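J.: My questions will all concern the structure given below.
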């Protein structure tokens, strides 16, 4: 790996911070059924930036999965049931 490439991995891709780096999955790991592939693409992101995109990732997942017919893609149907529906019900008031 070149020095420039190594330095690019040492800072947040969004804000340039060098502290509290995490791996941000691109595309979001929420789009993949479990067990997820081990080779998902990640970019370095500080914890604050990574957390700031959580809702966007969730909305994106809902928008993408809403377009897929469950009988044509069992993996997508499983994500819809396990993550979208169950997650929505979990956050809903009783």
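J.: Among 10-23, 43-56, what's the highest-first ranking by average C-beta atoms within 10 angstrom per residue?
T.: Taking the mean over residues of other Cβ atoms within 10 Å, the ranking is 43-56, 10-23.
J.: For segment 5-48, what does the alpha-carbon gyration tensor say about shape, rounded, prolate or oblate, given a ≥ b ≥ c as the root eigenvalues, a/c under 1.5 as rounded, and a/b over b/c as prolate?
T.: It is prolate, given that a/c is not under 1.5 and a/b is the larger ratio.
J.: If you don't mind, there's one more thing I want to ask. How long is the gain from residue 14 to residue 69 if the chain were fully straight, where each residue apart is worth 0.36 nm and the alpha carbon distance is subtracted?
T.: So the extension gain works out to 16.4 nm.
J.: Quick check: residue separation of residue 34 and residue 78 times 0.36 nm, minus the Cα distance between them. What number comes out in nm?
T.: Length gained between residue 34 and residue 78: 14.9 nm.
Only the coordinates and a few stated rules stand behind these numbers; no lab work does. Remember, it's a predicted structure, so these values are computed and weren't measured experimentally. Glycine gets a Cβ as well: all are built from the backbone with ideal geometry, and neighbour counts include every protein chain shown.
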